[in-house]
Amino acid sequence: MFILVPYEVDVPQDRWPVVNWLIILVTICVFVLQVPDLAKTYGEANLSILALSKLLPDFGTTGITGSLMLHGWGLQGLLGYMWLHGGIFHLLGNMLFLWLFGNAVCAKVGNLRYLLLYILLGAMAGVAHLLFSGGDALGASGAINGVVGMYLVLFYENEITCLFAFWFILPYVRTFSASSIWLILLWLLWDVLGAAGGSREHVAYFAHLGGFASGFAITMLMCYKGWITMERYEESLLQAWRRWRHPEQADPLDAVRAGLGLPAANAEEAPPAERPAPEPIPLPEVKASGPRRAPTAGDAIRTACGCGKDVTVPRQYAGRTIHCSACGRRIVIPQKSDFFGPPAKPEHARPALRPQKDAAVVRFTCACGRKIKAPARHAGKIGKCPQCGSQVRIPRAAP
């Protein structure tokens, strides 16, 4: 016996997925309205967590559950069944997947478009169920699988962190991370095997497959038409497929890269050239300009890739993984800036850090014995000693 539960996706978000939060809230509220129907179906004495774990009980045609279930080709059932659930575990499992993948997709495509796509994917999943399986159905699994199909196109390289538990005699529990494409294809294979073997567990496998195929196809079309804008450090599955099919053709973003002074996407990676050291700062002329400003939520984080490319991103990307726009390598954004320019070359000039009396000023001593004072905002930069003329690296201020 084993379980595989995803609990985190490595996708930066530049807007709040408000509509996805509202969809989850509405689905939970509808489930609360289903409680009287569940009580009638299971009986008051058997209304427990174990009883609610069944996926598709016989609700009949009464109550909100019976009126919104997918009974046939009625529009009410096609638009209503995706808001219903047959048990508490059915609801919790679907809402977990919707929270993980829906937040990322909603933030990428926009709130209004996401709402229309979610309803459309749910309806198309219901159509697939009626065409290939038939029978009554309820649950948001078809629409959520459509969202997962969209996620695969947009973030196939991003990692998903999962909890894996296996027990035979002794339990074995661990967590791991893997690329989205492998885990999603594993779940898709599970649905294919279930559809091929029949829905013996009352699981609408064809609704899952229909929703996934619809979300995948719609997102590929949106990327093809340019209705979804990928960031410079992102790559959609359509872009990867084009690069694989036509490696000799120029990437559509090469013109943008050329304007920024970056190499083309298919250019051979050259060894990073040594960057020239910046001009020394004339320390005697530098004066403190008041107390140092505390960092705010909108500040940027500056780091560097292994290829030598400087990377500056908004602070909201802290802890996330992006792709270098120059070489394509993955970069983990630190919690705060860790780039202070090139290292100091002179070996003899090693300033000694002294206790700071003023947080806006860095006080240190050159190797020649000259005491130097510089503004804290120049910490990490290279200056010139006014006495011996040697280059010194201004240390960071003491905490």
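What follows draws every value from the coordinates through simple rules; no lab data is involved. All values derive from a computational prediction rather than experimental measurement. Quick reminder, even Gly has a Cβ in these numbers, built from the backbone with ideal geometry, and neighbours come from all protein chains shown.
Tabulated results
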| item | result |
| --- | --- |
| Protection proxy ranking, peptides 124-131, 79-86, average beta carbon neighbours within 10 Å, highest first | 79-86, 124-131 |
| Charge sum, other residues only, whose C-beta stays under 11 Å from Glu157's C-beta, Lys/Arg counted +1 and Asp/Glu -1 | -3 |
| Rg followed by Dmax, in Å, when the stretch 2-229 is reduced to its Cα trace | 17.5, 56 |
| HN-Hα J in Hz across the stretch 65-81 - Karplus 6.51, -1.76, 1.60, θ = phi - 60°, x for Gly and Pro | 5, x, 7, 9, 5, 7, 8, x, 8, x, 5, 5, x, 5, 9, x, 5 |
| Volume per residue that the Cα convex hull of the stretch 91-167 spans, once the total is divided by residue count, Å³ | 132 |
| Burial order of peptide ranges 228-234, 142-148 (average beta-carbon count within 10 Å, highest first) | 142-148, 228-234 |
| Full-extension gain in nm, Met230 to Val192, via 0.36 nm per residue minus C-alpha separation | 10.6 nm |
| Peptides 378-389, 211-222, 172-183 ordered by average Cβ neighbours within 10 Å, highest first | 211-222, 378-389, 172-183 |
